[in-house]
Amino acid sequence: MKAPLKTDDSIDQRAKEMKAGLTATPVEARSLVDVIVERLETAIFSGELSPGTKISEQALAKALGVSRGPLREAINRLEGRKLIERTPNIGSRIAKLAEGDLNDLLVAREALEGIACRYAAERMTDSEISALKRLLAEHGKQKGIKSGTGYYQESNDVDFHFRIIKASGNKRIIDMLCGDLYDLLRVYRYRSSTLSGRAGRAYEEHLDIVAALEARDPDRAEAAMRRHIRNARTHVERKTGNVASSEELNEPS
């Protein structure tokens with residue numbers, strides 16, 4: 001006996017049931033390579049793998065419990081993001097900027113993010129500013145900030161600076177600061193926060209920036225961001241051996 005043909009109504013009902021089943025648990029499309037990339041970038045951004053560190057594929061594969069094939073693919077991805085440098089016949093290292101290049105990059109960052117913050121003060125919605133305040137409240141719970149050992153921020157929407165840059169609405173600035181420069185800057189941003197007392201001060205400076213954004217004061221917002229980045233730059237210079245005077249930390253914008 002042939003089974004009865006399904007009507008349109010029964011097909012629609014079955015489609016709804018299938019959709020409910022499919023969406024009951026969100027799909028997380030993560031390959032082994034994705035996981036390795038995430039582990040490596042966290043180690044790089046947190047300073048566990050510091051700039052200039054030589055990469056041993058064999059040792060790293062053993063430490064991660066993976067084969068060298070997916071590890072190589074992960075390294076290739078991070079090389080494309082300028083986080084890893086590969087030299088023929090020598091091997092791979094965590095990317096490290098020369099002192100002059102680093103200083104040039106941080107000076108450019110101060111100018112660009114200062115302008116981005118000015119635009120953000122004019123263009124951010126109230127809900128975006130409220131979300132930024134909630135993000136900072138979450139950051140304030142970090143043990144590293146409370147103990148003064150470091151201020152770690154994850155990437156993109158959970159990164160205070162990333163949100164402000166995006167909110168500026170200036171495509172050129174967004175492309176420069178959220179493109180190739182983004183990952184390299186994150187490495188040195190975290191390093192600056194690990195110097196004694198910097199994590200707590202950096203957090204307080206973030207609060208000052210949000211207060212200026214909430215007040216819709218472009219001049220104050222730009223000045224607060226420039227001062228914050230200048231202080232971070234001074235600490236990076238100290239971390240890399242180019243010691244700056246204490247007066248630079250308190251220099252008004």
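Values as computed for the structure displayed
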quantity: Gained length - Val158 relative to Ser127, 0.36 nm times residue gap less alpha-carbon distance; calculated: 9.6 nm
quantity: Cα-projected label distance for Ala215 with Val35, points at 7 Å along beta-carbon direction, nm; calculated: 4.9
quantity: Mean Cβ count within 10 Å, highest first, over the residues of peptides 170-179, 98-107; calculated: 170-179, 98-107
quantity: Added length on full extension, which subtracts the Cα-Cα distance from 0.36 nm per residue, Lys62 to Arg172; calculated: 35.4 nm
quantity: Label point distance in nm, Asp180-Glu73, each placed 7 Å from Cα along Cα→Cβ; calculated: 2.6
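Rule-based calculations on the coordinates, nothing more; no lab input. Everything numeric in this text was worked out from a predicted model, so none of it was measured. All Cβ positions, even for glycine, are placed from backbone atoms using ideal geometry, and neighbour counts span all protein chains on display.
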